[in-house]
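None of the figures in this text is laboratory data; all of them are computed from the coordinates on show. Here the structure is a predicted model, which is why all the values come from computation and not from measurement. Ideal geometry is used to build each Cβ from the backbone, glycine not excepted, and the neighbour counts take in all protein chains shown.
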Amino acid sequence: MDETANILEKAGWALTGYHEEMRNYNLESQRFPGLSAKVFHEKDIPIQVSVGNYDLGICGLDWVEELLVKYPSSAMVKLRNLGCGEGSLYVVASQSKGESSLEELQRGKVTIRIASEYPNLAEAYALKMRLRRFSIFPLWGAAEVYPPENAELALIPGERDEPRFNHELVVVGHVLDVNACLIANRDSWEKKDLGEILASIGDGLSAGGKSSPGVAAASAWDKLSKVQLQQKSPVTGINQSSTAAEGIVRLALPDGHQQKPTLRLLNKAGLKIDDYPSASGDRRPVLGFSGVTVKVIRPQDMPLQVANGNFDLAITGRDWLAEHRCRFLSSPVEELLNLKFGRVKLVAVVSHDLPVDDIDGLKQLYKERAVPIRIASEYFNLADRYARDNHLGMYRVIPTWGASEAFLPDDADLLIENTETGTTIARHNLKIIDTLFQSTACLIGNQESTVDSTKEEKIKSITETLRSAV
C-alpha cells in the first residue's frame, strides 16, 4: 500500500485517504474528474479487472499469473512493471528429512502434497515437473509451516535473489519473479481513452527504473504441457503423513487476532505454551502437554486440514466449520467443544441506500428487476446455501479474499459477512437485513483421530482441560 500510494502521489492523482488507517474503500481523484478508485484485497483485483468491473488495476504479478494459469483467455492486459513489490515465488521442502530435491522426494512417495495459497500455480508447477502423483492443498496462507509433516512441498513467496526461509526450508524450484504491475481490462484498453491517466503514472515513476512497458502480455505458464495426471481429492483419499510419530496429537492454533484470546484460554487451563504469539514469526510453539505438537495456521484452513488428517485438533471459528461442511457434507470433522470466545455474527448486508429491510424485500426487488442478485463473500459455500435456502431465484456468488465491504454497491448487491459490533458495516454505508447465525471459537477434531487408541486419551484430556477453563 505504501509503495502504491507513493507512485500515485507522484502521478498527481490526489487520492485522499489512501493509507493504512483508511476508513473508506471508495476514493475519488482530485486531478481526474472521471477517475474513481476502490481498494480491494490484492487477490481480487485481477478477477475484477478481467470481468470488466474495473478498467485498470494495480496488484502483484503473482496474483495475475495465479488467475491466468487457470483462465488463460481472461480479458486482461499486463501494461507495465511499476518497479516495486519485487520478490519471487519458490517451491520449498524441509531439509529435516534429508530430501532437498524433487528427485529425492519422488523416491518412495505415493503422493507428493503441495501446500500453497497459489493452488493454480502449484498445480501448473507439478504438471510442468511431471510429478507422477500429487495433491494440492489450497490455503489462505502460512504454507511455509506445512512441510515436512503436513506436506512435502510448499509454494511460497520470498526475496528475489537470496531467499531466506525459516523452519529448515530449502528451495527446490523457482516458479516466478514477482513485482507490482499495472493491468487493464482488454476491452477498456482497446476502446477507452486511458492515455492521460497512464501517462501520469509513467511520469511519476523514477527515470531509469524498472518502469518500462516490459511486462509480457502472455502468461508465463501458457506453454505448460497439458499432462493428464491422476490426482486425489483434497479431502478423501489422502494418505496420512508417514512423518507423524505414532500417538502424537497434532494441534493447530490460530494466527492473527484470535491468538490473544486463545492464549488467555490456554493460560486459564494451566497449559503453558512458549512463543505464542511469536515476536519472530515462528509458527511452531511448544505446548507444555506431553505428546502434543503445535502449529500455527490460518483458522480458515483448519477444517480442511483436520479433515485431511494433517491435524487431530484445531481451534477455529464455528463460521469456518460451517463453511467447510457446506462444501463437504461427509467430512469427518466434528466440533468437540464450544470455546465461547471470538463471538461474531454472520449477517446478510446490503447498501444502506437499497430500499429493502429484510431478505424477502431484497428477493422481491430483484424479481421485479429481473436481474441476478450478485452475492459477495469470503464464505462462498455458505453464501450459496443461503441463496438456495431463501429461494433468491437468479443469483451468482462472487468469492472474495477480504475487504468484502468494498464490493457493495457497485460490484455486488448482497454481502455475507461476519461482524462483532456492526460498526464497520455502518461506517461503509451498509446495513444488516438478516442474521444467519452466531459464531464463536470452537475446538474441532477428526472423528478418526478421536477413536484412535493411541491418541484417544490425550485428545479427551486436552478437551476436558479446555472445557474446565471455558
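Enumerate the calculated ³J(HN,Hα) couplings along segment 117-132 in order (Karplus 6.51 cos²θ - 1.76 cosθ + 1.60, θ = phi - 60°), each rounded to whole Hz, writing x wherever the residue is Gly or Pro.
Karplus values, whole Hz, x for Gly and Pro: 7, 10, x, 5, 5, 5, 5, 4, 5, 4, 5, 4, 7, 6, 5, 5.
Please report the net charge: other residues with Cβ closer than 10 Å to the Cβ of L182, K and R +1, D and E -1.
Net local charge, L182 excluded: +2.
Within segment 380-436, list the GluC sites (Glu not before Pro) lying in a DSSP loop whose Cβ has at most 11 other Cβ atoms in a 10 Å radius.
Those that pass, being in a loop and sparsely packed, are E420.
State, to one decimal in nm, how far the label point of L263 lies from the label point of N338, with both points 7 Å from Cα in the Cβ direction.
2.8 nm
So what is the relative contact order of segment 344-439, in percent, for Cα pairs below 8 Å that sit 6 or more residues apart?
51 percent
Run down the aspartates and glutamates and flag those whose C-alpha is under 13 Å from the C-alpha of K10, throwing out any fewer than 8 positions away in its chain.
By straight Cα distance, K10 reaches D2, D203.
Tell me what the chain gives for mean residue ellipticity at 222 nm when only DSSP H runs of n ≥ 4 count, each as -39,500 (n - 2.57), the sum divided by the residue total, rounded to 500 deg cm²/dmol.
-7500 deg cm²/dmol
Could you tell me which label, among (1) 70, 59, 37; (2) 69, 55, 42; (3) 68, 62, 48, carries the value of Cα extents along the principal axes in Å calculated for this structure?
(2)
Suppose each label sits 7 Å from its Cα in the direction of the beta carbon; what would the H391-A426 distance come out to in nanometres?
3.4 nm
Using packing as a proxy for protection, rank 303-311, 445-453 so that the peptide with the highest average count of other Cβ atoms within 10 Å comes first.
For the peptides 303-311, 445-453, the packing ranking is 303-311, 445-453.
For a label point 7 angstrom out from the Cα of V470 toward its Cβ, which stretches of segment 407-442 have the backbone nitrogen within less than 19 Å?
437-442
Considering only DSSP beta bridges whose two residues both sit in the chain, what percent are antiparallel, to the nearest 5?
Approximately 70 percent, going by the DSSP bridge assignments.
Scan segment 129-161 for GluC sites (Glu not before Pro) in coil per DSSP, keeping those whose Cβ has at most 13 other Cβ atoms within 10 Å, and list them by number.
Passing both the DSSP loop test and the Cβ count: E159.
Take the residue pairs K272/K460; K272/K455; K38/K367; K260/K460 and return only those whose Cα atoms are more than 22 Å apart.
The answer is K38/K367; K260/K460.
Sort out for me the Cα centre separation of segment 113-153 from segment 396-470, rounded to whole Å.
So the separation of the two Cα centres works out to 25 Å.
Using amide H atoms built 1.01 Å from N in the peptide plane, name the residues 5+ places from L79, or on other chains, whose amide H lies under 5 Å from its own.
So L79 has HN proximity to L182, I183, A184.
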